[in-house]
């Protein structure tokens, strides 16, 4: 039998009060949770003094790579997790969302972080802000690791996904993590966590695990540098968020609460349209996947009043085909709720909602943790608040009728904030009206028609690259969102000073900072040899009329400002000017070194601006300044290791006026392999 133990200060705590953890399928013990006596003050101190410093020594990319490698390690062991997961009541499909979905989410956050964040221990965010007339006083935002602990209190419904979607961005941000999952299903979270420790991929002290029903005095011990992320019921979340110490120390608290999400059938949709079938399929799927135990499930089904019979009949017919049973069986489409206690709570919530509403569908499966899907109908969706505020956390939806599109929007927003809403329509005017009307009350809004349905990820699927959270009842928090997920865990700081001082602080070139001319052409230097602020000032080139004419012929760009003197005289410039892309090409000719060397290729350019015109007779010159560097992982098919180098390019004319500026990316060979490189 699995022994779910706390992992605190680098040790498994094997002694304590043993509590049986019950299988949702057999109603028999499947694991035992050992609830030890934990000194939370010491656990937090260990994370802050051991794990935190080790993470902060690493760059964001190094931390992101550790999450990538951890995800690969866990994915290799997924079948073990699937076997255990069935005891939580999850079918194979349900478990995929939790297990592989959680690992894929960690992969996604890792990838986005390496693509969009600095390869430094901190992130240099956005452009510099000029704060003085001469440019000697500048501002720069950076995001730095907090010197605290990320405490994650997770719900029972997604033991793996819920843990990984919070843990990955926290670790990448540089914060050690203490995980406290719900005891229900915690044996699955514990098995995954145990493998994380055994992998030895993350530095010691960066992750700890609490096996307990309640977090004791953990929240009393937090300081302003710590953070709390909670997923669960709105009532519990509000109680924890209002903890006196959380308020006294202004401890950041991200609350992601269950919400009464809705799906709307557009007024344009008729039963013979593809959008109708897609709508019915999605509502039933969201009712039955994870037995409706999803914070994003469709709790309110909002439909045109003249479609009540068609919709309720279609829902009933489809629900009749759902096979309820042991989730380990391939034919099973819906397993039990997570526990008999959850089933009892679901029954109570259903009975409360049932009062005053019409029961459209209700099976008779109610044994142990098992229940059946249920559909309620509200003819008048404005009557009573329960349907908009009480969430039956299971396979139930309430059908609500509307007469106008404006009324559908009002009904959708009556839940006072939701994680996600969706709309099924073939009319983009309706889509615009509903989406913009619902947007202030939702964290995510999905619009589906026949064109997007095939590749849609679905109403209830949070995506690593998109934000997850919602206003009001949904908690007012925000998670995920690609690289944003990492920045949520960091402290944003506005630095002020001279450009050179700021450059030396953040280790990234700041516009206006002093530069040092390279002792040889920088394209002849390896990645490791290049230094931030290193520069190359090129020779000069005078642009001729022939240059402009030949570029027009070569490119096929015969725009009048470049080729027609009479028309050009009436233009903004008053005369013939060179093509912007000629200036770009001529600049490359000035700074490119033709000889073979460590530079591999031009990887692209960013933020191109043609600031001033260049006319025949003008003389241009370029300055190439090394802005920042990113190490790239050497993969099996790569012939040698390399990195990406970002160069600021400033192109000036004979009056030293900037005519063009941009950032060019080059791939540069590295001399040495690193631990991140695949063998």
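None of the figures in this text is laboratory data; all of them are computed from the coordinates on show. Everything numeric here is computed off the predicted structure, so don't read it as measured data. Cβ: placed from backbone, ideal geometry, glycine included. Neighbour counts: every protein chain shown.
Work out the FRET efficiency for residue 224 and residue 37 from their Cβ-Cβ distance, taking R0 = 35 Å, and round it to the nearest 0.05. Can you show the working numbers first?
Details: r = 27 Å, r/R0 = 0.78.
Efficiency, rounded to the nearest 0.05: 0.80.
With all distinct Cα pairs included, what does the Kirkwood hydrodynamic radius of region 261-468 come out to in Å, to one decimal, could you say? Intermediate results must be reported in sequence, preceding the final value.
Values: mean 1/r = 0.0586 Å⁻¹.
About 17.1 Å for region 261-468.
For helix 308-319, report the angle its Cα long axis makes with the longest principal axis of the Cα atoms of the chain; keep it between 0 and 90° and round to the nearest 10°.
The two axes meet at around 80 degrees.
Please compute P(r) over all alpha-carbon pairs of region 369-474, binned at 5 Å starting from zero, and give each bin as a whole-number percent.
Pairs per bin, as whole percents: 2, 11, 19, 22, 23, 16, 6, 1, 0.
Between residue 352 and residue 406, what FRET efficiency follows from the Cβ-Cβ distance if R0 is 35 Å, with the result rounded to 0.05? Provide the component values of the computation, followed by the final result.
Working: r = 29 Å, r/R0 = 0.83.
Efficiency computed from Cβ-Cβ geometry: 0.75.
Sort 265-274, 155-164 by the packing proxy (mean of other Cβ within 10 Å over each peptide's residues), most packed first. Working shown, then result.
Values: 265-274: 17.8, 155-164: 27.1.
My ranking of the peptides, most packed first, is 155-164, 265-274.
Given the Cα-Cα distance of residue 494 and residue 305 and 0.36 nm per residue of separation, how much length would full extension add, in nm? Kindly include the intermediate steps, with their values, before the conclusion.
Working: separation 189, 0.36 × 189 = 68.04 nm, distance 5.37 nm.
Stretched out fully, the residue 494 to residue 305 stretch lengthens by 62.7 nm.
Can you tell me the Rg and the Dmax, both Å, for the Cα atoms in the chain?
In order Rg, Dmax, the Cα atoms of the chain give 29.6, 91 Å.
Starting from the Cα-Cα distance between residue 115 and residue 521, subtract it from 0.36 nm times their residue separation and give me the gain in nm to one decimal.
Numbers: separation 406, 0.36 × 406 = 146.16 nm, distance 2.73 nm.
That pair, residue 115 and residue 521, stretches by 143.4 nm at full extension.
Where in region 409-452 does the label zone of residue 274 land, with the point 7 angstrom along Cα→C-beta and an amide N cut-off under 14 Å?
So the set is 425-427, 448-452.
Once every DSSP H run of n ≥ 4 in the chain is given -39500 (n - 2.57) and the sum is divided by its residues, what mean residue ellipticity at 222 nm do you get, rounded to the nearest 500 deg cm²/dmol? Working shown, then result.
Numbers: 21 runs with 212 residues, N = 679.
Mean residue ellipticity at 222 nm (helix-derived): -9000 deg cm²/dmol.
So, in nm, how far is label residue 635 from label residue 80 when the simple model puts each one 7 Å beyond its Cα toward the Cβ?
Between residue 635 and residue 80, the simple spin-label model gives 2.8 nm.
Could you tell me how many degrees, from 0 to 90 and to the nearest 10, lie between the Cα long axis of helix 428-438 and the main elongation axis, the longest principal axis, of the Cα atoms of the chain?
So the helix axis and the longest Cα principal axis differ by about 70 degrees.
For region 531-616, just say rounded, prolate or oblate: build the C-alpha gyration tensor, square-root its eigenvalues into a ≥ b ≥ c, call rounded for a/c under 1.5, and beyond that prolate if a/b exceeds b/c, oblate if not.
prolate
Quick one: which of 126-137, 191-202, 330-341, 347-358 comes out on top by average Cβ neighbours within 10 Å, and what's the full order, highest first?
Numbers: 126-137: 12.3, 191-202: 17.3, 330-341: 20.0, 347-358: 14.9.
Going by the mean number of other Cβ atoms within 10 Å, highest first, we get 330-341, 191-202, 347-358, 126-137.
If I stretch the segment between residue 451 and residue 137 completely, what's the gain in nm (0.36 nm per residue apart, minus their alpha carbon distance), one decimal? Please report the intermediate quantities before stating the final value.
Details: separation 314, 0.36 × 314 = 113.04 nm, distance 5.19 nm.
Additional length available on full extension: 107.8 nm.
Please list 546-552, 281-287, 410-416, 28-34 highest first by mean number of surrounding beta-carbon atoms within 10 Å per residue.
Working: 546-552: 15.7, 281-287: 22.7, 410-416: 20.4, 28-34: 17.6.
Most protected by this proxy first, the peptides run 281-287, 410-416, 28-34, 546-552.
Based only on other Cβ atoms within 10 Å, what is the fewest-to-most ordering of 96, 122? Spell out each step's value before the answer.
Numbers: 96 16, 122 23.
So the residues, fewest neighbours to most, are 96, 122.
Residue 389 versus residue 609, label points 7 Å from Cα toward the beta carbon: distance in nm?
Computed distance between label sites residue 389 and residue 609 equals 5.2 nm.
Roughly what angle does helix 274-288 make with the longest principal axis of the chain, taking Cα atoms, 0 to 90 degrees, to the nearest 10?
On a 0 to 90 degree scale, this one is about 60.
Rounded, prolate or oblate, given the Cα gyration tensor of region 515-669, with a/c below 1.5 counting as rounded?
Values: a/c = 2.66, a/b = 2.05, b/c = 1.30.
In terms of gyration-tensor shape, prolate.
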